[in-house]
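Enquirer: Before I ask anything, let me first share the structure, which is written out below as structure tokens.
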Amino acid sequence: MSDNVRIEREDNIGLICLNKPPVNALGVALRTSIYNAFSELLSDDQVKAIVLYGEGRFFSAGADIKDFARAAEKPTLPELLKTLNDSPKPVIAALHGVAFGGALELALSAHLRVATHGLKVALPEVKLGLLPGAGGTQRLTRLTGIAAAIDVICSGRHLSDKEALSLGIVTRVVDGTVRDAGITAAKEVLTGELKTVPTDSLRVELDDAALSAAQDKLSKGLTAPQRALEAIRAATLPIDEGLAKERALFMELMQGEERAGLVHAFFAERATSKIPEASNATRTIVRVGVVGGGTMGTGIAAAFCIAGFPVSLIETDAKCVTNARATVEKTLAGALKRGKLSEQDHADALEQLITSIELRELASVDLVIEAVFEDMVVKQELFQKLDTLCKPNTILATNTSYLDINQIAAATNRPDDVIGLHFFSPAHIMRLLEVVVADKTAPEVVATSFEIARRISKIPVRSGVCDGFIGNRILTSYRKVCEYLVLDGADFQQVDHALTDFGFAMGPFAVGDLAGLDIARASRVRTAVTRPPEERYSRVADLICDQGWFGSKTGSGYYLYSDDKLTGPNPQVQAIVENERAALSIAAKSFDDGEIVARCVTAMIQEAVKVLEEGIALRPIDIDAVKLFGYGFPKHRGGPLHLADQIGIDTVIARIEDYSAEDSYFWQVPRLLRDMVKRKQTFSDLNAQYDATGKNDGSKA
Ligand code: T1G
């Protein structure tokens, strides 16, 4: 009896129950236990058939992502699966909950698969920069054919039990326990009622049309789906040749930077919930109030409605209430259409949604989120009213994206109940939620905010109070460098193109047009009074705004727009840029795309390190999570500080020193970077150090 599996016998059926919490990950320990259990049952003459099933919430989450370094330790997953496939006794996999990646590959090496209702299967390896490396590209393709295999493997998407049944991945989907499903199927195999077919014995019909179409589509994207397609094509070879080709491609990807970045992003999504307040009690949140029915307020209200919370949305007058309700209802209708809401949940959400001009509607709510005009006085006045109106223990949250939450809290008699919940637009879709902890915020308010974030399917990241918190502060630094590049000679379209080639969905100037150049200008005006004289300032964006060109909403910005569609560069911007260069006596120089990306990434890294050493963020991986899940940083790059490890801290410092010759104010090597070089540390080391000690070098955390 091993800790990782349970061996059971029922009549002449042998069962192996996977039992390695939390997710039955197929690391070397579980692989070894399954191998030993299987050998025992193979050698037991009383056992005529063998069933594999999982204990816990689901069958298995696949190979152990935390332990890829030991993936090659024997028995490797391919070796274990070959043993199952070659078994002289029938092997049945009984699946429930989730069977992803190597877990599905394990099931595919069995001779038959059955499932209970609600099963989800997937080969999501491409989302980790890999491909199914334990026979998935060979065995799934033999079961489903090339076209379906391309869809499943190159997208990495989840399949429902119904789709798994229709594709022949499972033979039946039943009620009852998964263990009983396995035993019943095994008995029917032994009586001949159910036929088993070892997947390896199946042949694959070549489908050149599907392969060529996929080749064209995938050629512009990441490497993993392209390599997965090559492995699928090899499924027309004899199984051993196909498996060898798959393994070679898998090992190539395992060494790649895309895999490192995407795996880091996978853990970044989960690491941020490990905060000092995690063990604190939480408050019960039933009803949620939102003040402000604009873009953010309605998006926030919709996010809570979709998660099943009763919501009270308050606006200032009847017309705004009507418009706000209509916006929320439209968003909920969209969620229903996309299958994010059931009919019943949709009906419940609408029934529970209260929209009103009366703040007193918030007297009974447990959490209020303010999303009113970004003005300190307006917010302070509102929080004063909420302070007296809301019941004790109601959490008072602000959605401000940069105002000082300590000042907002100071307007109340309960600063310990005040916190920042910074959503990103569209708030019902964007996954990042910056949880901004003010000086007096109570630990249980922080803990409750993280629990609420998970309940509304957000990725919470803990931030301290500073201008722009984590994300916007780094964004501001990145934007400044882009503006400096244009002043110094780069064309703004070239900057956008270089960064979209790097992996951003849009370049900074196109994003600025989309967000509204007037919004960015308002922020510059707000900070103008405190802007140090040494800081370089580009007037280009202001001069564009002076023309009334605010971006897509006015039809002109850096680019021209027709019906909200970008039609090309605004030809008048170049003249503005050239006039500014002349006024500043700047002799334009050329930059290649690599130099543009290097400066932009280095600016983000430089600001991220300052955020870290000031204790605004707990650890480097939190900053990566903010940029990955709120600002479109390319996932396969892993985030700015993961990328800094790949570039090398020495190189980052050398770049900053090189650039500082042009601008010694903007470019200054943060102390923490030099300390890290002295200690021979990487940001990965700092993440591990935080997890071990709850502290980081240089941070105040
Ligand atoms: N390996 C190691 N740890 C894993 C893991 C895995 N496959 N999956 C989850 N965890 C950890 C996770 O980091 C967290 O840890 C805890 O388990 C709970 O996870 C050869 C090479 C299964 C749907 O891509 O999709 O097989 O933060 O919070 O919300 O071809 O986890 O508590 O320390 O996500 O209930 C392919 C990834 C691997 C599945 C459960 N498999 N996992 O969701 O829990 S590559 C995947 C998930 C592979 C083969 C290849 C989800 C889940 P901690 P959680 P959840």
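Enquirer: Among the residues of the range 7-26 satisfying the criterion of being touching an Asp or Glu at 6+ places or on another chain (Cβ under 7 Å) and either open to solvent by 10 Å² or more (accessible area, probe 1.4 Å) or more than 16 Å from the ligand (Cβ to nearest atom) (or both), which is nearest to Arg70 (Cα to Cα)?
Expert: Let us first name the residues in the range 7-26 that are touching an Asp or Glu at 6+ places or on another chain (Cβ under 7 Å), namely 7, 14-15, 17-19, 25-26.
Then drop every residue that is not either open to solvent by 10 Å² or more (accessible area, probe 1.4 Å) or more than 16 Å from the ligand (Cβ to nearest atom) (or both), which leaves 7, 14-15, 17, 19, 25.
Values: Ile7: 25, Gly14: 29, Leu15: 27, Cys17: 23, Asn19: 20, Ala25: 13 Å.
Per the stated criteria, the residue is Ala25.
Enquirer: Just checking, which of Leu332, Leu243, Leu229, Leu336 is more than 30 Å from Ala149 (Cα to Cα) and modelled with pLDDT of 95 or more?
Expert: Leu332
Enquirer: Pull up the range 1-34, narrow it to residues that are assigned to a loop (DSSP other than H, G, I, E, B) and of a type in the set (A, V, I, L, M, F, W, C), then point me to the one that is nearest to Glu79 (Cα to Cα). Walk me through how you get there before you give the answer.
Expert: Here is the first cut: in the range 1-34, the ones assigned to a loop (DSSP other than H, G, I, E, B) are 1-4, 11-12, 19-27.
Now narrow it down to the ones that are of a type in the set (A, V, I, L, M, F, W, C): 1, 23, 25-26.
Details: Met1: 22, Val23: 21, Ala25: 16, Leu26: 13 Å.
Ranking the candidates gives Leu26 first.
Enquirer: Only one of these is out of contact with any Cys (no Cβ under 7 Å at 6 or more places or on another chain) and open to solvent by less than 20 Å² (accessible area, probe 1.4 Å): Gly221, Gly182. Name it. Working first, answer last.
Expert: Details: Gly221 fails: open to solvent by less than 20 Å² (accessible area, probe 1.4 Å).
Only one candidate qualifies: Gly182.
Enquirer: Condition first: within 16 Å of the ligand (Cβ to nearest atom) and either part of a loop (DSSP other than H, G, I, E, B) or touching a Lys or Arg at 6+ places or on another chain (Cβ under 7 Å) (or both). Now tell me which residues in the range 274-289 satisfy that.
Expert: Lys274, Ile275
Enquirer: In the range 528-542, is there at least one residue being within 32 Å of the chain's Cα centre (by Cα), aliphatic (A, V, I, L, M) and modelled with pLDDT under 95?
Expert: Within the range 528-542, the first condition is being within 32 Å of the chain's Cα centre (by Cα), and the residues that meet it are 541.
Among the residues that remain, those that are also aliphatic (A, V, I, L, M) are: 541.
After this cut, where a residue has to be modelled with pLDDT under 95 as well, the list is none.
No - not one qualifying residue is present in the range 528-542.
Enquirer: When you check Ile519 against the structure, is it of a type in the set (Val, Ile, Thr) and open to solvent by less than 50 Å² (accessible area, probe 1.4 Å), yes or no?
Expert: Working: of a type in the set (Val, Ile, Thr): yes; open to solvent by less than 50 Å² (accessible area, probe 1.4 Å): no.
Answer is no for this residue.
Enquirer: From Val372, Val368, Val377, grab the single residue that is part of a strand (DSSP E or B) and under 27 Å from Ile470 (Cα atoms). I'd like the intermediate steps shown before the answer.
Expert: Numbers: Val372 fails: part of a strand (DSSP E or B); Val377 fails: part of a strand (DSSP E or B).
None of the other options fit; the residue is Val368.
Enquirer: Is it the case that some residue within the range 595-612 is of a type in the set (Val, Ile, Thr) and farther than 23 Å from Leu487 by Cα?
Expert: Here is the first cut: in the range 595-612, the ones of a type in the set (Val, Ile, Thr) are 596-597, 601-602, 605, 609, 611.
After this cut, where a residue has to be farther than 23 Å from Leu487 by Cα as well, the list is 609, 611.
Yes, there is a match, as at least one residue in the range 595-612 is of a type in the set (Val, Ile, Thr) and farther than 23 Å from Leu487 by Cα.
Enquirer: Okay, moving on. Of everything in the range 562-592, what is under 17 Å from Ala510 (Cα atoms), of a type outside the set (S, T, N, Q) and open to solvent by 40 Å² or more (accessible area, probe 1.4 Å)? Give them in sequence order.
Expert: Within the range 562-592, Asp563, Asp564, Lys565, Leu566, Pro569, Pro571 meet the criteria.
Enquirer: I'd like the residue in the range 236-280 that is within 24 Å of Val461 (Cα to Cα) and of a type in the set (S, T, N, Q) and, out of all such residues, is least open to solvent (accessible area, probe 1.4 Å).
Expert: Initially, the range 236-280 is screened for residues within 24 Å of Val461 (Cα to Cα), giving 258-280.
Pick out the ones that are also of a type in the set (S, T, N, Q) and you get 272-273, 279-280.
Details: Thr272: 0, Ser273: 37, Ser279: 108, Asn280: 59 Å².
Ranking the qualifying residues of the range 236-280, first place goes to Thr272.
Enquirer: Any residue at all in the range 299-317 that is assigned to a helix (DSSP H, G or I) and under 14 Å from Ser356 (Cβ atoms)?
Expert: For the range 299-317, residues assigned to a helix (DSSP H, G or I) and under 14 Å from Ser356 (Cβ atoms): present.
Enquirer: Just checking: which of the strands (runs of 3 or more DSSP E) contained wholly in the range 35-118 hold 1 or more residues that are of a type in the set (S, T, N, Q) and buried (at least 17 other Cβ atoms within 10 Å of the Cβ)?
Expert: Ranges flagged: 112-116.
Enquirer: Still on this structure: Taking the condition of being farther than 16 Å from Ala63 by Cβ and open to solvent by less than 10 Å² (accessible area, probe 1.4 Å), how many residues in the range 119-139 meet it? Before you say what the answer is, go through the steps one by one.
Expert: Going residue by residue through the range 119-139, those that are farther than 16 Å from Ala63 by Cβ are 119-120, 138.
With the extra rule that they be open to solvent by less than 10 Å² (accessible area, probe 1.4 Å), the set shrinks to 119, 138.
Result for the range 119-139: 2.
Enquirer: Could I ask something else about it? Take the conditions without any contact (Cβ under 8 Å) to a residue 60 or more places away in the chain and within 16 Å of the ligand (Cβ to nearest atom) and apply them to Ala307. Does it pass? Walk me through how you get there before you give the answer.
Expert: On the way: without any contact (Cβ under 8 Å) to a residue 60 or more places away in the chain: no; within 16 Å of the ligand (Cβ to nearest atom): yes.
Against the criterion (without any contact (Cβ under 8 Å) to a residue 60 or more places away in the chain and within 16 Å of the ligand (Cβ to nearest atom)), Ala307 does not qualify.
Enquirer: Can you find, within the range 647-680, the residue that is surrounded by the fewest Cβ atoms within 10 Å (Cβ to Cβ) among those that are under 22 Å from Phe469 (Cβ atoms) and out of contact with any helix residue (DSSP H, G or I) (no Cβ under 6 Å at 6 or more places or on another chain)?
Expert: Result: Arg671.
Enquirer: Something else: Counting only residues that are free of Cβ contacts under 8 Å to residues at least 40 places away in the same chain and open to solvent by less than 40 Å² (accessible area, probe 1.4 Å), which one in the range 313-333 is farthest from Gly294 (Cα to Cα)? First the steps, then the outcome.
Expert: Going residue by residue through the range 313-333, those that are free of Cβ contacts under 8 Å to residues at least 40 places away in the same chain are 318-330, 332-333.
Applying the additional criterion that residues be open to solvent by less than 40 Å² (accessible area, probe 1.4 Å) yields 321, 324, 328, 332.
Details: Val321: 10, Ala324: 7, Val328: 10, Leu332: 16 Å.
The residue in question is Leu332.
Enquirer: Something else about it: Quick check on the range 154-179: of everything there that is of a type outside the set (A, V, I, L, M) and within 17 Å of Val51 (Cβ to Cβ), which residue is surrounded by the fewest Cβ atoms within 10 Å (Cβ to Cβ)? Steps first, please.
Expert: Applying the first criterion (of a type outside the set (A, V, I, L, M)) to the range 154-179 yields 154-158, 160-163, 166, 168, 171-172, 175-177, 179.
Filter again for within 17 Å of Val51 (Cβ to Cβ), leaving 171-172, 176-177, 179.
Numbers: Thr171: 18, Arg172: 16, Gly176: 10, Thr177: 13, Arg179: 19.
Taking the candidates together, the pick is Gly176.
Enquirer: Return the residue satisfying two criteria in turn: it lies in the range 538-561 and is open to solvent by 50 Å² or more (accessible area, probe 1.4 Å) and without any contact (Cβ under 8 Å) to a residue 24 or more places away in the chain, and of such residues it is farthest from Asp491 (Cα to Cα).
Expert: Thr554
Enquirer: Okay, next question. Restricting attention to the range 495-512, does a residue exist that is without any contact (Cβ under 8 Å) to a residue 60 or more places away in the chain and surrounded by fewer than 18 Cβ atoms within 10 Å (Cβ to Cβ)?
Expert: Yes, the range 495-512 has at least one match.
Enquirer: Sort out which residues of the range 633-646 are farther than 23 Å from Leu130 by Cβ and open to solvent by 10 Å² or more (accessible area, probe 1.4 Å), and write them in order of number.
Expert: Selection gives nothing.
Enquirer: Here's another thing I want to ask about it. Quickly run through the range 452-487 and pick out the residues that are more than 23 Å from the chain's Cα centre (by Cα) and part of a loop (DSSP other than H, G, I, E, B).
Expert: Passing the criteria: Val465, Cys466, Asp467.
Enquirer: Quick one: in the range 238-273, which of the residues that are assigned to a loop (DSSP other than H, G, I, E, B) and in contact (Cβ under 8 Å) with a residue 40 or more places away in the chain is farthest from the ligand (Cβ to nearest atom)?
Expert: Checking each candidate, the answer is Gly256.
Enquirer: While we're looking at this one, here's another question. Give just the number: which of (1) closer than 14 Å to Leu362 by Cβ; (2) among the hydrophobic types (A, V, I, L, M, F, W, C); (3) modelled with pLDDT under 95 does Leu389 not satisfy?
Expert: (3)
The values are calculated or read from the model by the stated rules, or taken from the named source; none is laboratory data. Small disclaimer: the values here were computed from a predicted structure and weren't measured. Ideal geometry is used to build each Cβ from the backbone, glycine not excepted, and the neighbour counts take in all protein chains shown. The area values use the complete protein model at the heavy-atom level, side chains included, leaving out ligands, DNA and RNA. Shrake-Rupley method; radii C 1.70, N 1.55, O 1.52, S 1.80 Å.
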